[in-house]
Amino acid sequence: MEKIKILKKENATHDVVHLVTEKPENIQYKPGQAVDIAIDNPTWKNEIRPFTFTSLPEDDHLEFHIKTYPDHNGVTEQIGQLKAGDHLLIGEVFGDIAYKDEGIFLAGGAGITPFIAILKDLKRKNKIGNNKLLFANKKEIDIVESAFFRDLLHKNFINILSDEDKPGYEKGFISRAIIEKYKDIAQPYYYLCGPPPMMDAVTKHLVDMDVAESYIIKEAF
Ligand SMILES: Cc1cc2nc3c(=O)[nH]c(=O)nc-3n(C[C@H](O)[C@H](O)[C@H](O)COP(=O)(O)OP(=O)(O)OC[C@H]3O[C@@H](n4cnc5c(N)ncnc54)[C@H](O)[C@@H]3O)c2cc1C
């Protein structure tokens, strides 16, 4: 694995950190892909975890948005304590989520990260079109990069909150009814990423809606 320095660390939400790091010279990745990461210290260097690039391949640095679980003595709790100047170890790039064509992005919590990169890429190419983002979180304070998505997608940025009832937000989980409410092209692609229970539930809704498997692009967190 290659050693990279953390250049900047800031809070993206109350429990998500945004890291900007050095970029190894020979690294190659596509928007939506992830990479194996470990913390470069003797205790944690063998604890390898996947995280998704939220930078673009042509950027001169790497970016990550990492949800931390401070109550759990794991890697993300340690990442929460890192600071600029500390080092990470970076390994193999992988991941199956890639943009095909216009559709609906269905994200749960930290599952937003591949879509940050993909939507940044579409913005750069001036190809945002009629893509929609349905973003499920517990509360408003959990929404990552809210201003970025609002500016980019306007009415096509739809938030769903499970634990809060707020005007302008859908309430509950991503249901079949919500997906059907926002589906306005005949055959959209459905891009899914989130925790396994959310992925299972949403996949079932799509199967019930007779969406062909080739139109469901997904990765579980
Ligand atoms: C391809 C891929 C890409 C990913 N990209 C990202 C990304 O870009 N950003 C991101 O934030 N995550 C991402 N993840 C998820 C990330 O890899 C995991 O959150 C991380 O591996 C957790 O490691 P950990 O050592 O901190 O926690 P672990 O020790 O592995 O445990 C964390 C898990 O434990 C649960 N937990 C929390 N608190 C407790 C507790 N007190 N007791 C018991 N369990 C608890 C949490 O629900 C969480 O799922 C990705 C996952 C995959 C598969």
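The values are calculated or read from the model by the stated rules, or taken from the named source; none is laboratory data. Just so you know, these numbers come straight off a predicted model, no measurement behind them. Glycine gets a Cβ as well: all are built from the backbone with ideal geometry, and neighbour counts include every protein chain shown.
Annotations for the structure displayed:
- Test: residue in region 2-10 that is surrounded by 18 or more Cβ atoms within 10 Å (Cβ to Cβ), out of contact with any helix residue (DSSP H, G or I) (no Cβ under 7 Å at 6 or more places or on another chain) and assigned to a loop (DSSP other than H, G, I, E, B): no
- Evaluated against (1) within 27 Å of residue 100 (Cβ to Cβ); (2) of a type outside the set (A, V, I, L, M, F, W, C); (3) away from the ligand (no atom under 12 Å from the Cβ), residue 33 falls short on exactly one condition, (3).
- Boolean, residue 147 is more than 15 Å from residue 102 (Cβ to Cβ), surrounded by fewer than 19 Cβ atoms within 10 Å (Cβ to Cβ) and hydrophobic (A, V, I, L, M, F, W, C): yes
To keep it simple, each residue is scored yes or no on (1) more than 14 Å from the chain's Cα centre (by Cα); (2) modelled with pLDDT of 95 or more; (3) charged (D, E, K, R).
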{"residue": "88", "(1), (2), (3)": "yes, yes, no"}
{"residue": "122", "(1), (2), (3)": "yes, yes, no"}
{"residue": "130", "(1), (2), (3)": "yes, yes, no"}
{"residue": "134", "(1), (2), (3)": "no, yes, no"}
{"residue": "140", "(1), (2), (3)": "yes, yes, yes"}
{"residue": "146", "(1), (2), (3)": "no, yes, no"}
{"residue": "188", "(1), (2), (3)": "yes, yes, no"}
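- Identity of the residue in region 67-91, more than 8 Å from the ligand (Cβ to nearest atom) and not in a loop (DSSP other than H, G, I, E, B), that ends up surrounded by the fewest Cβ atoms within 10 Å (Cβ to Cβ): 91
- Failed item, numbered, when residue 115 is tested on (1) more than 16 Å from the ligand (Cβ to nearest atom); (2) touching a residue at least 12 places away in the same chain (Cβ under 8 Å); (3) not in a strand (DSSP E or B); (4) not polar (S, T, N, Q): (1)
Yes or no, residue by residue, for (1) in contact with an Asp or Glu (Cβ under 7 Å, 6 or more places away or on another chain); (2) without any contact (Cβ under 8 Å) to a residue 60 or more places away in the chain; (3) within 29 Å of residue 59 (Cα to Cα):
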residue	(1), (2), (3)
123	no, yes, yes
134	no, yes, yes
140	yes, yes, no
155	no, yes, yes
174	no, no, no
180	no, yes, no
190	no, no, yes
196	no, yes, no
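- Residue 160 among the β-branched types (Val, Ile, Thr) and either assigned by TED's automatic domain parsing to the domain that holds residue 9 or in contact with a Lys or Arg (Cβ under 8 Å, 6 or more places away or on another chain) (or both): yes
- The sole residue among 94, 51 that is crowded, with 21+ Cβ neighbours inside 10 Å and within 13 Å of the ligand (Cβ to nearest atom) is 51.
- Filter result (surrounded by 24 or more Cβ atoms within 10 Å (Cβ to Cβ) and out of contact with any helix residue (DSSP H, G or I) (no Cβ under 7 Å at 6 or more places or on another chain)) within region 98-115: 111, 112, 113, 114, 115
- Residue in region 55-66 that is under 25 Å from residue 147 (Cβ atoms), outside any strand (DSSP E or B) and near the ligand (Cβ under 9 Å from one of its atoms) present: no
- Top-ranked residue of region 187-221 - restricted to ones that are of a type in the set (Val, Ile, Thr) and under 17 Å from residue 100 (Cα atoms), ranked as nearest to the ligand (Cβ to nearest atom): 217
- The residue list 140, 170 contains one member that is out of contact with any strand residue (DSSP E or B) (no Cβ under 6 Å at 6 or more places or on another chain), surrounded by 14 or more Cβ atoms within 10 Å (Cβ to Cβ) and not assigned by TED's automatic domain parsing to the domain that holds residue 34, which is 140.
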